[in-house]
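Structure first, then comments.
The values are calculated or read from the model by the stated rules, or taken from the named source; none is laboratory data. Not measured: the values here are computed from a predicted model. Here Cβ is always computed from backbone atoms with ideal geometry, including for glycine, and neighbour counts include all displayed protein chains.
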Amino acid sequence: MRVQCVICDTIEKIDSYCLQAKRLRNRRLNTYMCQTCHDRIGENTKKRLATGQFKFNRERKKEKHLS
């Protein structure tokens with residue numbers, strides 16, 4: 001299956017039977033991002049978190065059985 005990165009527009013080929021390809025086929029809102037773009041965004045996010053001025057709005061789930 002041929003896929004195109006939404007950020008850098010590079011075209012890559014992934015296995016047609018992998019889970020990611022199935023998700024892209026069945027859920028049209030899911031988009032593909034190449035590994036280089038994914039790594040770059042991850043590094044930039046870690047840098048912003050290290051400054052202390054960036055607020056990460058991810059909900060932290062608390063497990064009831066550990067309380």
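When the residues of segment 9-40 are narrowed to those that are in contact (Cβ under 8 Å) with a residue 24 or more places away in the chain and under 13 Å from the mean Cα position of the chain (by Cα), which ends up surrounded by the most Cβ atoms within 10 Å (Cβ to Cβ)?
Only one residue tops the list, namely Y32.
Can you confirm whether segment 3-21 contains a residue that is in contact with a Leu (Cβ under 8 Å, 6 or more places away or on another chain) and modelled with pLDDT of 85 or more?
Yes, some residue in segment 3-21 is in contact with a Leu (Cβ under 8 Å, 6 or more places away or on another chain) and modelled with pLDDT of 85 or more.
How many residues does segment 44-60 hold that are outside any helix (DSSP H, G or I) and basic (K, R)?
3
Quick one: how many residues across segment 13-43 are of a type outside the set (D, E, K, R) and either assigned to a loop (DSSP other than H, G, I, E, B) or under 10 Å from V3 (Cα atoms) (or both)?
Here the count works out to 12.
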